[in-house]
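Below: one structure, written as structure tokens.
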Amino acid sequence: MHRAHDYRFLIQRWRSLARSAGMRLERLVTVGKSDLFCLRTPELGAEGGIYISAGIHGDEAGSTEALVTWAEENVSRLRTLPLLLFPCLNPWGLIRNCRFAENGDDLNRVFHRDEIPLVQAVKKAVGDRRFAVSLMLHEDYDGQGLYLYEVQRKLPFWGEALLEAARPVIPIEGRVRVDGRKAAAGIMRPKVDFRRFAKIGYPEAVWLHLDHSDRTFTVETPSEFALSQRVAAHRAVIDECVRRVISGQE
Ligand SMILES: [Zn+2]
């Protein structure tokens, strides 16, 4: 039996790894009965760091499990990396295996609404920072392989290399249409369509792309695959991003 939906256990693991790394998990805000947290490393400056969040959709437990597992495995060097990590943005949903927040909001459509406590808290933690890379970890129950969204901006694109890094553990998505959008070899490269987002609401990735991030990726593992595979795939993508940022790769 695994405990991927046990939020208290998840936060225990984060507290423990933060302590081992000589840091403190910071409480961001209390939403309902749950405290939300972030981990900010001392290396994180105003520019060039890495933003990673998981669990904004509560039925995507591979994302939260992957981020904590990656952090545990990198505990000895965590302090030396420029990171802002959000272990789980929707505890209520994670506990109930539900995509939405308690009031029915899809939290990945409300990043234009600063009055929402979660949005306010994440924006406060980010401040004026500009990240080299932002990674949003997600899962898709229709997924047949790993795929990602890379918002168009910096060249060369990194999407292919990120998928390639995870290919030993999960095949690349073969569908050519995903959620009504064209996909090619597991990659979707949307341009930000303001009219569309005015209608459906702002995802976390759009807010980051517009104001805070040079490269913005939404990474989707297929949630019908084994948890261990989904975790390994997300970890491989995180590793490749960190490697590229640390080595100054363009
Ligand atoms: Zn999702």
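Only residues that are of a type in the set (Ser, Thr, Tyr) and touching a Ser or Thr at 6+ places or on another chain (Cβ under 6 Å) were counted across the range 36-71, and they come to 1. Against the criterion of being more than 23 Å from residue 191 (Cα to Cα), surrounded by 21 or more Cβ atoms within 10 Å (Cβ to Cβ) and touching a His at 6+ places or on another chain (Cβ under 8 Å), residue 94 qualifies.
Tally up the residues in the range 155-181 that are closer than 16 Å to residue 133 by Cβ and without any contact (Cβ under 8 Å) to a residue 24 or more places away in the chain, please. Selection size over the range 155-181: 1.
Checked against (1) within 16 Å of the ligand (Cβ to nearest atom); (2) within 28 Å of residue 21 (Cβ to Cβ); (3) in contact with a strand residue (DSSP E or B) (Cβ under 8 Å, 6 or more places away or on another chain), residue 107 meets all criteria but (3). Looking at the range 162-181, is at least one residue of a type outside the set (D, E, K, R), within 17 Å of residue 214 (Cα to Cα) and touching a helix residue (DSSP H, G or I) at 6+ places or on another chain (Cβ under 9 Å)? Yes: one or more hits.
Return the residues of the range 61-79 that are among the acidic types (Asp, Glu) and under 12 Å from residue 223 (Cβ atoms); say none if nothing qualifies. First the steps, then the outcome.
Within the range 61-79, the first condition is being among the acidic types (Asp, Glu), and the residues that meet it are 65, 72-73.
Correct list: 65 only.
State yes or no: is residue 131 away from the ligand (no atom under 16 Å from the Cβ), modelled with pLDDT of 95 or more, surrounded by 23 or more Cβ atoms within 10 Å (Cβ to Cβ) and aromatic (Phe, Trp, Tyr)? Spelling it out, residue 131 is indeed away from the ligand (no atom under 16 Å from the Cβ), modelled with pLDDT of 95 or more, surrounded by 23 or more Cβ atoms within 10 Å (Cβ to Cβ) and aromatic (Phe, Trp, Tyr).
Rundown of residues vs (1) farther than 23 Å from residue 230 by Cα; (2) at pLDDT 95 or above, yes/no style:
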{"position": "168", "(1), (2)": "no, yes"}
{"position": "171", "(1), (2)": "no, yes"}
{"position": "179", "(1), (2)": "no, no"}
{"position": "183", "(1), (2)": "no, no"}
{"position": "186", "(1), (2)": "no, yes"}
{"position": "198", "(1), (2)": "yes, no"}
{"position": "201", "(1), (2)": "yes, no"}
{"position": "204", "(1), (2)": "no, yes"}
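Considering the range 140-156, and only residues there that are of a type in the set (D, E, K, R) and closer than 20 Å to residue 50 by Cα, the residue that is nearest to the ligand (Cβ to nearest atom) turns out to be 150.
Every condition in (1) in a loop (DSSP other than H, G, I, E, B); (2) surrounded by fewer than 17 Cβ atoms within 10 Å (Cβ to Cβ); (3) not hydroxyl-bearing (Ser, Thr, Tyr) holds for residue 12 except the one numbered (1). Among the residues of the range 143-155, write down those that are at pLDDT 95 or above and either surrounded by fewer than 21 Cβ atoms within 10 Å (Cβ to Cβ) or part of a loop (DSSP other than H, G, I, E, B) (or both). The answer is 143, 144, 145.
Looking only at the range 157-180, residues that are of a type in the set (A, V, I, L, M) and within 16 Å of the ligand (Cβ to nearest atom) come to 1 in all.
Yes or no: residue 50 modelled with pLDDT of 95 or more, away from the ligand (no atom under 16 Å from the Cβ), surrounded by 22 or more Cβ atoms within 10 Å (Cβ to Cβ) and under 21 Å from residue 133 (Cβ atoms)?
Yes; evaluated as a whole, the condition is true for this residue.
When the range 207-216 is filtered for residues that are within 16 Å of the ligand (Cβ to nearest atom) and surrounded by fewer than 24 Cβ atoms within 10 Å (Cβ to Cβ), only 207 remains.
Taking the criterion of being away from the ligand (no atom under 16 Å from the Cβ), surrounded by fewer than 20 Cβ atoms within 10 Å (Cβ to Cβ) and more than 16 Å from the chain's Cα centre (by Cα), would at least one residue in the range 56-72 satisfy it?
Yes, the range 56-72 contains at least one residue that is away from the ligand (no atom under 16 Å from the Cβ), surrounded by fewer than 20 Cβ atoms within 10 Å (Cβ to Cβ) and more than 16 Å from the chain's Cα centre (by Cα).
Tell me, yes or no, whether the range 187-194 has at least one residue that is of a type in the set (Phe, Trp, Tyr) and within 16 Å of the ligand (Cβ to nearest atom).
Keep residues of the range 187-194 that are of a type in the set (Phe, Trp, Tyr), which gives 194.
If we keep only those that are within 16 Å of the ligand (Cβ to nearest atom) as well, we get none.
No, there is no match, as no residue in the range 187-194 is of a type in the set (Phe, Trp, Tyr) and within 16 Å of the ligand (Cβ to nearest atom).
The values are calculated or read from the model by the stated rules, or taken from the named source; none is laboratory data. Being a predicted model, the structure only gives us computed values, none of them experimental. Counting neighbours? That spans all protein chains shown, and the Cβs are built from the backbone with ideal geometry, glycine included.
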